[in-house]
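Before any comments, here is the structure.
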Amino acid sequence: MILGTKEDRKLILKILSLAFIENPSTLFVLKRGKKERRIKDLIDYSFNIGIHKGNIFISDDHKACAIVIDSQKKIHWFIQIKLQVRLIWNVIGLRRLPKVLKKEKIIHEHHPKIPHLHLWYIGVSTEYQHNGIGTSLLNEITDYFPKKRPIVLETSIDENINFYKKNGFKHHKSLQINSHKVHLLSNI
């Protein structure tokens, strides 16, 4: 596993944009039109947050990647505002903003109140999925962090629950948020 840097932006955008192109949670955030462009802008926002507030991980073969956010790391207020304005303008739109904020609030209310890590994204290049690459990367990520820090994640894909369970995560709750379910899992 390799720690990603700003120079890995293009690779991360390519892998995650394609991996999340039909994800219900991702699609919920997007305003209408230009789906591919908006998903890339969303992943670009997430990449920037990951660089400032967490870690970017890349599999050794460069076929999978993840963005993990550390609840204890802070981002400079100016950078945060700049990124959020761009996200609202390019991805969400003012009309969708209240729904997206409500969804995020509900999800974050279920995160632990103690320091934790948020596995925000993990994805494998579509042509290499179902070959164990995502499992390897997930195991390397969980080994990388001290066991006393829980790792939390959400998925809106029902089939992903078993994948995470097989890799030591527990399914804690499912929430119906607007048009889709969000499943909350953690390794504690």
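We did not get these values from a lab; they are worked out from the coordinates using the rules stated. Because the structure is predicted, anything quoted here is derived from the model rather than measured. Here the Cβ is made from the backbone with ideal geometry for all residues, glycine too, and neighbour counts use every protein chain on show.
Annotation note: of R96, R86, the sole residue that is farther than 18 Å from N23 by Cβ, among the charged types (D, E, K, R) and in contact (Cβ under 8 Å) with a residue 40 or more places away in the chain is R86. If only residues of region 103-128 that are without any contact (Cβ under 8 Å) to a residue 24 or more places away in the chain and closer than 19 Å to T26 by Cα are counted, the one that is farthest from the chain's Cα centre (by Cα) is K105. Pairs linking a residue in region 15-26 that is within 15 Å of E154 (Cβ to Cβ) to a residue that is assigned to a loop (DSSP other than H, G, I, E, B), with Cβ atoms under 7 Å and 6 or more positions apart or on different chains, are N23/S156; N23/I157; P24/S156; S25/S156; T26/F20. If you go through region 13-49 and keep only what is aromatic (F, W, Y) and part of a loop (DSSP other than H, G, I, E, B), you end up with just F20.
For region 80-98, the set of residues classified as surrounded by 15 or more Cβ atoms within 10 Å (Cβ to Cβ) and either charged (D, E, K, R) or touching a Ser or Thr at 6+ places or on another chain (Cβ under 6 Å) (or both) consists of R96 only. Tell me, yes or no, whether region 154-176 has at least one residue that is assigned to a strand (DSSP E or B), buried (at least 16 other Cβ atoms within 10 Å of the Cβ) and under 14 Å from the mean Cα position of the chain (by Cα). Taking every residue of region 154-176 in turn, at least one turns out to be assigned to a strand (DSSP E or B), buried (at least 16 other Cβ atoms within 10 Å of the Cβ) and under 14 Å from the mean Cα position of the chain (by Cα). For H180, the test of being in contact with a helix residue (DSSP H, G or I) (Cβ under 6 Å, 6 or more places away or on another chain), without any contact (Cβ under 8 Å) to a residue 24 or more places away in the chain and either buried (at least 16 other Cβ atoms within 10 Å of the Cβ) or under 18 Å from S25 (Cβ atoms) (or both) is failed. Residues of region 104-140 that are more than 21 Å from K10 (Cα to Cα) and either small (G, A, S) or in contact with a Phe, Trp or Tyr (Cβ under 7 Å, 6 or more places away or on another chain) (or both): L117, G132, S136. Filtering V68, V85 for residues that are touching a helix residue (DSSP H, G or I) at 6+ places or on another chain (Cβ under 7 Å) and either assigned to a loop (DSSP other than H, G, I, E, B) or at negative phi (or both) leaves a single hit, V68.
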